[in-house]
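Read through the structure below, which is laid out as structure tokens, and then see the notes.
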Amino acid sequence: MRNGRPEVVLYALLTCPHCRRLKEYLHDRGVSFEIHHVDLLTGEERSLALDALKRKNPACTFPTLVLGDRVVVGYRPEEIEEGLRELTRRRESYG
């Protein structure tokens, strides 16, 4: 958590195979993350999640992974690892 917000947030669809792979990837690495299965949300909760997603990824495609200030769209292990390393460095520099 940073400033009361999670540092790693995944916007996903339950039916999306790339979303499942990304979720497994994060679990396998022991990464703590918040997940929003947008297709399972309804009403105001869905609207809020989609608004937050669109601020990070205007195309509103899945999966969208937010790693601090970095956004990775799709299943891109190299970019995800780079983002995780950046978060680790930032945490270490802040103590």
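Throughout, read-outs are computed from the coordinates displayed, never taken from laboratory work. Computed from a predicted model, the values in this text were never measured in an experiment. Positions of Cβ are backbone-derived with ideal geometry, glycine not excepted, and every protein chain shown enters the neighbour counts.
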### Query
Give or take rounding to whole Å, what are the principal axis extents of the alpha carbon atoms in the chain, in descending order?
40, 28, 21
### Query
Counting only DSSP beta bridges with both residues in the chain, what percent are antiparallel, rounded to the nearest 5?
70
### Task
Identify the trypsin sites (Lys or Arg not before Pro) of the chain meeting these criteria: DSSP loop state and at most 14 other C-beta atoms within 10 Å of the C-beta.
ARG29
